[in-house]
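Enquirer: What follows is a structure written as structure tokens; I'll ask about it next.
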Number of protein chains: 2
Amino acid sequence: MSFPAALAEAGGLIGARLEQALADGADEPVIHAMRYAVAGGKRLRGFLVLETAALFGIAPAQAISAAAAVEALHAYSLVHDDLPCMDDDDLRRGLPTVHVKWDQATAVLAGDALQTLAFELLCDPALGKADTRLELVRTLALASGAEGMVLGQALDIAAETASAPLTLDQITRLQAGKTGALIRWSAEAGAVIAGADPAPLRAYATALGLAFQIADDILDETGDEAQTGKRLHKDAKAGKATFVSLLGLEGARARARDLVAEAERHLAPYGDKAQTLIDAARFVIARDS
Amino acid sequence: MSFPAALAEAGGLIGARLEQALADGADEPVIHAMRYAVAGGKRLRGFLVLETAALFGIAPAQAISAAAAVEALHAYSLVHDDLPCMDDDDLRRGLPTVHVKWDQATAVLAGDALQTLAFELLCDPALGKADTRLELVRTLALASGAEGMVLGQALDIAAETASAPLTLDQITRLQAGKTGALIRWSAEAGAVIAGADPAPLRAYATALGLAFQIADDILDETGDEAQTGKRLHKDAKAGKATFVSLLGLEGARARARDLVAEAERHLAPYGDKAQTLIDAARFVIARDS
């Protein structure tokens with residue numbers, strides 16, 4: 001199956017699982033806002049869960065709740081990141097952000113409950129034995145908390161008021177938390193569910209995550225708001241250092257290509273079965289949204 | 001041991017566990033804000049975890065991470081609830097709230113990371129077998145998410161703009177989520193860790209949680225800001241219905257006393273071992289902070 005077809009299929013399964021998880025919710029704005037926040041998006045993280053699980057012969061039906069969990073967690077981070085006191089974004093995936101469509105209180109609460117939902121989903125017995133599920137909980141907590149994603153977001157916000165632009169090392173550390181940690185978790189999840197060694201997938205995902213952020217910075221510079229469905233050129237306006245401002249546009253593109261080649265090399269142990277994951281890495285730096 | 005001495009001892013152990021969990025954090029405002037948010041407070045929920053565990057002969061060292069988890073989760077809910085877009089409180093436990101001492105972005109992120117920390121703490125192997133820990137994760141997610149605490153908070157916010165004050169039934173449903181769900185989880189946690197039937201403790205905690213909220217409403221009406229360390233009379237100013245506005249001050253006191261008597265009856269199966277939990281219920285309606 002081609003990568004776009006695999007991504008679309010994964011996205012459909014993940015959307016259905018999230019809808020099911022939220023189907024019994026109360027008829028309250030916070031529940032409607034949660035459904036709205038998890039609808040759409042590329043669902044690349046959830047795809048990585050399903051695709052790395054498939055490397056070990058794990059069917060989508062077994063891994064789906066972990067894929068839905070990481071997408072719920074990612075959605076929570078976007079809802080909170082878009083708040084006026086954070087990145088203050090009014091557009092996401094081509095639609096008004098949650099605090100614009102509802103209000104800030106609903107956005108705070110919907111984000112809070114989406115984080116909770118992520119951990120609830122990881123308790124799904126379909127994912128395997130209790131120690132497997134608990135390992136997914138433990139590693140997702142580490143990836144998303146104050147040593148992972150939240151630390152990256154805090155460094156990002158601190159950068160806005162820093163006296164000097166960040167260095168390449170500082171931006172790399174920021175990215176490793178802000179987007180890298182969840183991408184790593186997603187790629188390792190398949191191995192965790194299968195009880196296999198996650199080391200090659202961690203190395204793949206570390207290179208992939210950095211390439212993803214560099215591609216994001218390139219898109220912020222060269223992309224089209226209608227195409228990406230979000231506000232662009234925000235970093236340049238804020239005077240924030242990015243991979244593009246530090247490496248130049250061509251330098252950033254070359255670095256992203258090197259990282260994708262590195263990501264591919266780490267998949268060698270899995271042979272042909274890893275072709276869709278290789279295609280995913282190539283897509284990440286070629287995408288226009 | 002008297003209840004005040006037991007509460008102080010539990011509070012000390014819980015504070016030490018939370019400090020330990022946050023000791024290795026980065027030197028960033030978000031980590032400092034997390035430490036600030038979990039310092040102090042009555043730690044009644046964590047006490048309930050340790051005290052119900054003790055009913056089954058479980059030592060504090062085994063149950064402490066569950067007690068710290070529920071206090072981290074409670075602290076997250078307070079940090080977000082105090083935000084300007086929510087309850088807009090500047091004072092908590094006699095000190096400036098997190099968004100006043102730092103800023104709103106730090107308060108959002110610190111709250112987010114405190115929720116994550118709660119689930120991370122429940123992965124502590126000291127708590128028992130993987131299926132025990134996973135059951136603690138699953139039940140805490142249910143108690144705190146969009147079917148529990150967050151639903152209660154959403155109903156509370158909706159009440160502020162409702163055309164008519166809430167009825168007694170509506171306020172009781174709101175309370176069952178907003179404060180009741182975590183108090184129930186805390187009291188059941190001891191039984192979950194011990195692998196015992198949590199039903200009597202659930203019944204105790206349901207009555208206790210409602211008594212707690214009624215006592216809060218009475219304090220909001222009659223309390224002293226210096227004593228409670230938080231802003232009072234907010235509900236009356238906002239024209240919101242409370243147990244006091246619906247039952248009258250004497251009616252609310254009588255209802256709280258009835259609930260405490262009911263809570264005590266549910267502890268009968270545990271005999272003398274439950275004396276401190278009985279004292280806790282009496283304290284809840286007699287407290288001045």
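Enquirer: Can you go through B:Leu249, B:Leu174 and tell me which one is farther than 29 Å from B:Lys129 by Cα, of a type in the set (A, V, I, L, M) and out of contact with any Gly (no Cβ under 8 Å at 6 or more places or on another chain)?
Expert: Just one listed residue meets the conditions, B:Leu249.
Enquirer: Condition first: in contact (Cβ under 8 Å) with a residue 12 or more places away in the chain and either acidic (Asp, Glu) or touching a Phe, Trp or Tyr at 6+ places or on another chain (Cβ under 7 Å) (or both). Now tell me which residues in region A:192-212 satisfy that.
Expert: Once the filter is applied, which keeps residues that are in contact (Cβ under 8 Å) with a residue 12 or more places away in the chain and either acidic (Asp, Glu) or touching a Phe, Trp or Tyr at 6+ places or on another chain (Cβ under 7 Å) (or both), region A:192-212 yields A:Ala194, A:Ala196.
Enquirer: Out of B:Glu120, B:Glu71, B:Glu135, which single residue is in a helix (DSSP H, G or I) and more than 11 Å from every other protein chain (Cβ to nearest Cβ)?
Expert: Details: B:Glu120 fails: more than 11 Å from every other protein chain (Cβ to nearest Cβ); B:Glu135 fails: more than 11 Å from every other protein chain (Cβ to nearest Cβ).
On inspection, the qualifying residue turns out to be B:Glu71.
Enquirer: Out of all the residues in region B:217-255, which are of a type in the set (Gly, Ala, Ser) and at pLDDT 85 or above?
Expert: Scanning region B:217-255 gives B:Ala241, B:Ser245, B:Gly248, B:Gly251, B:Ala252, B:Ala254.
Enquirer: Moving on. Restricting to region A:91-106, and then to whatever is more than 8 Å from chain B (Cβ to nearest Cβ) and of a type in the set (A, V, I, L, M), can you tell me which residue is nearest to B:Ala72 (Cα to Cα)?
Expert: A:Val98
Enquirer: Same structure, new question: Could you list all residues from region B:222-233 that are loosely packed, with under 14 Cβ neighbours inside 10 Å and in a helix (DSSP H, G or I)?
Expert: Selection gives B:Thr222, B:Glu225, B:Ala226, B:Gln227.
Enquirer: Now a separate question. Among the listed residues A:Ala10, A:Ala39, A:Ala5, A:Ala16, which satisfies the condition of being open to solvent by 40 Å² or more (accessible area, probe 1.4 Å), under 20 Å from A:Ser186 (Cα atoms), within 16 Å of the chain's Cα centre (by Cα) and more than 12 Å from every other protein chain (Cβ to nearest Cβ)?
Expert: A:Ala39
Enquirer: Are any of the residues in region A:23-31 open to solvent by 10 Å² or more (accessible area, probe 1.4 Å), assigned to a helix (DSSP H, G or I), at pLDDT 95 or above and β-branched (Val, Ile, Thr)?
Expert: Looking for residues that are open to solvent by 10 Å² or more (accessible area, probe 1.4 Å), assigned to a helix (DSSP H, G or I), at pLDDT 95 or above and β-branched (Val, Ile, Thr), one finds none in region A:23-31, hence no.
Yes or no, residue by residue, for (1) under 18 Å from the mean Cα position of the chain (by Cα); (2) among the acidic types (Asp, Glu):
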| position | (1), (2) |
| --- | --- |
| B:Val70 | yes, no |
| B:His74 | yes, no |
| B:Asp82 | yes, yes |
| B:Cys85 | no, no |
| B:Thr97 | yes, no |
| B:Ala105 | no, no |
| B:Thr116 | yes, no |
| B:Leu122 | yes, no |
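Enquirer: What is the number of the single condition among (1) in contact with a His (Cβ under 8 Å, 6 or more places away or on another chain); (2) open to solvent by less than 10 Å² (accessible area, probe 1.4 Å) that B:Leu114 does not meet?
Expert: (1)
Enquirer: Report yes if A:Val49 is more than 25 Å from A:Tyr204 (Cα to Cα), of a type outside the set (D, E, K, R) and in a helix (DSSP H, G or I), otherwise no. Working first, answer last.
Expert: On the way: more than 25 Å from A:Tyr204 (Cα to Cα): no; of a type outside the set (D, E, K, R): yes; in a helix (DSSP H, G or I): yes.
No; evaluated as a whole, the condition is false for this residue.
Enquirer: Would you mind stating whether A:Gly41 is free of Cβ contacts under 8 Å to residues at least 60 places away in the same chain and in contact with a helix residue (DSSP H, G or I) (Cβ under 8 Å, 6 or more places away or on another chain)?
Expert: Here the answer is yes, as A:Gly41 does meet what is asked.
Enquirer: Quick check on region A:119-131. Is at least one of its residues crowded, with 24+ Cβ neighbours inside 10 Å, modelled with pLDDT of 95 or more and farther than 27 Å from B:Asp131 by Cα?
Expert: Taking every residue of region A:119-131 in turn, none turns out to be crowded, with 24+ Cβ neighbours inside 10 Å, modelled with pLDDT of 95 or more and farther than 27 Å from B:Asp131 by Cα.
Enquirer: Pick out, from region A:147-221, the helices (runs of 4 or more DSSP H) lying fully within it that include 3 or more residues that are within 12 Å of chain B (Cβ to nearest Cβ), in contact with a Ser or Thr (Cβ under 9 Å, 6 or more places away or on another chain) and buried (at least 19 other Cβ atoms within 10 Å of the Cβ).
Expert: Output list reads A:149-160.
Enquirer: Kindly indicate the residue of region A:83-108 that is touching a Gly at 6+ places or on another chain (Cβ under 9 Å) and over 17 Å from B:Ala158 (Cα atoms) and also surrounded by the fewest Cβ atoms within 10 Å (Cβ to Cβ) among those meeting that condition.
Expert: The initial filter retains those residues of region A:83-108 that are touching a Gly at 6+ places or on another chain (Cβ under 9 Å), namely A:83, A:91-95, A:98, A:108.
Those left that are additionally over 17 Å from B:Ala158 (Cα atoms): A:83, A:91-95.
Numbers: A:Leu83: 22, A:Leu91: 16, A:Arg92: 22, A:Arg93: 16, A:Gly94: 13, A:Leu95: 15.
Among those that are touching a Gly at 6+ places or on another chain (Cβ under 9 Å) and over 17 Å from B:Ala158 (Cα atoms), it is A:Gly94.
Enquirer: Only one of A:Leu83, A:Leu91, A:Leu78 is modelled with pLDDT under 95 and aliphatic (A, V, I, L, M). Can you tell me which? Give the steps one after another, and end with the answer.
Expert: Values: A:Leu83 fails: modelled with pLDDT under 95; A:Leu78 fails: modelled with pLDDT under 95.
Within the list A:Leu83, A:Leu91, A:Leu78, the selection yields A:Leu91.
Enquirer: Something else now. Could you figure out which of (1) open to solvent by 30 Å² or more (accessible area, probe 1.4 Å); (2) in a helix (DSSP H, G or I); (3) closer than 26 Å to B:Asp82 by Cα isn't true of B:Val244?
Expert: (1)
Enquirer: Sort out which residues of region B:256-269 are part of a helix (DSSP H, G or I) and buried (at least 18 other Cβ atoms within 10 Å of the Cβ), and write them in order of number.
Expert: Result: B:Ala256, B:Leu259, B:Val260, B:Ala263, B:Glu264, B:His266.
Enquirer: Taking A:Phe56 as the residue in question, decide whether it is open to solvent by 50 Å² or more (accessible area, probe 1.4 Å), over 24 Å from B:Ala154 (Cβ atoms) and of a type outside the set (D, E, K, R).
Expert: So A:Phe56 passes the test.
Enquirer: Filter region A:137-146 down to the residues that are in contact with a Ser or Thr (Cβ under 8 Å, 6 or more places away or on another chain) and polar (S, T, N, Q) and list them by number.
Expert: Kept after step one, since they are in contact with a Ser or Thr (Cβ under 8 Å, 6 or more places away or on another chain), are these residues of region A:137-146: A:141, A:144-146.
Answer for region A:137-146, where residues must be in contact with a Ser or Thr (Cβ under 8 Å, 6 or more places away or on another chain) and polar (S, T, N, Q): just A:Ser144.
The values are calculated or read from the model by the stated rules, or taken from the named source; none is laboratory data. As the structure is a computational prediction, the values presented were derived from the model and not from experiment. Glycine also receives a Cβ, built like all others from the backbone with ideal geometry; neighbour counts cover every protein chain displayed. When the accessible area is computed, the model is the full protein with side chains, heavy atoms only, and any ligands, DNA or RNA have been set aside. Shrake-Rupley method; radii C 1.70, N 1.55, O 1.52, S 1.80 Å.
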